[in-house]
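Notes follow once the structure below has been shown.
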Amino acid sequence: MPERAKRALVVDDDPIVRDAVARMLARRGAVEIVDTLGDGFEVIAYCDGNKVDAVLMDARMPGLDGLSASADLKTRHPELRVVLFSSYDSGTTQNQARASMADAFVSKSASIDEIEAALLGTGERSVLTGRECEVVVLAAEGLTSQQIGRRLGIGESTVKAHIASGLRKSGAKSRTQLVRWAIENGYIT
């Protein structure tokens with residue numbers, strides 16, 4: 001195991017999915033899978049008593065689902081990286097992931113590379129914050145950074161910081177590419 005491997009949990013109500021994803025991630029070495037769990041209640045209890053760096057969790061599960069557990073985990077452990085994944089890869093699910101304070105969202109159809117990158121915080125599938133979304137929506141309307149700042153009551157440098165964060169998270173190289181990415185990923189409808 002590399003020295004810098006992140007300690008992670010895989011949480012899904014389907015034991016076949018959680019075990020398969022855990023095995024694939026463990027083989028790669030960048031993530032140390034410390035346990036696999038079946039619901040939101042279990043992950044909260046585990047994180048309250050153990051050191052964990054990241055959680056990959058199904059957004060929709062019986063009992064306490066990943067969306068609800070994410071908000072609780074981020075409140076209790078703000079340093080914890082929470083990645084939600086779901087077979088429901090819609091704009092609605094991604095918006096719910098953002099609202100739940102998750103750090104990233106990946107589809108269950110994503111490659112193991114994308115899932116690992118999301119857990120490590122190096123992927124382009126990271127979830128935009130609410131403010132980043134507002135800025136990107138206004139950028140899509142053609143507003144300049146100065147105009148966006150006035151509209152939102154924030155400084156132009158803050159707008160540029162939100163754009164830069166969106167570029168980093170999306171992998172886009174320009175505002176235009178960022179807007180296109182936001183549309184394709186359900187941030188702008």
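Near VAL11, the amide H atoms lying under 5 Å from its own belong to LEU37, LEU56, MET57, ASP58; only residues 5 or more places off or on other chains count, and H is placed 1.01 Å from N. Phi angles of the range 30-44 translate, via the Karplus equation with coefficients 6.51, -1.76, 1.60 and θ = phi - 60°, into HN-Hα couplings of 7, 10, 9, 7, 8, 5, 10, 10, x, 7, x, 4, 5, 5, 5 Hz per residue; Gly and Pro are given as x.
Helix 175-184 and the longest principal axis of the Cα set of the chain meet at an angle near 50°. Judged by the mean number of other Cβ atoms found within 10 Å, the most tightly packed of the peptides 76-84, 63-71 leads the ranking 63-71, 76-84.
Beyond 24 Å between alpha-carbons counts as too far, so tell me which of LYS6/LYS108; LYS74/LYS173; LYS74/LYS160; LYS6/LYS74 fall in that bin. From the list (LYS6/LYS108; LYS74/LYS173; LYS74/LYS160; LYS6/LYS74), the Cα-Cα distance tops 24 Å for LYS74/LYS173; LYS74/LYS160.
Ordering ILE163, ILE148 from the fewest to the most neighbouring beta carbons within 10 Å gives ILE163, ILE148. Counting beta carbons within 10 Å around each of ARG180, ARG168 and listing the fewest first gives the order ARG168, ARG180. With the biggest extent put first, the Cα atoms of the range 130-184 measure 27, 19, 18 Å across the principal axes. Each 5 Å bin from 0 upward holds the following percent of the Cα-Cα pairs of the chain: 1, 9, 17, 19, 18, 14, 10, 7, 4, 1, 0.
Laboratory data are not the source of any read-out in this text; all were calculated from the coordinates shown. The structure presented is a predicted model; accordingly, all values stated were derived computationally and were not measured. Note: ideal-geometry Cβ built from the backbone for every residue, glycine included; neighbour counts use all protein chains shown.
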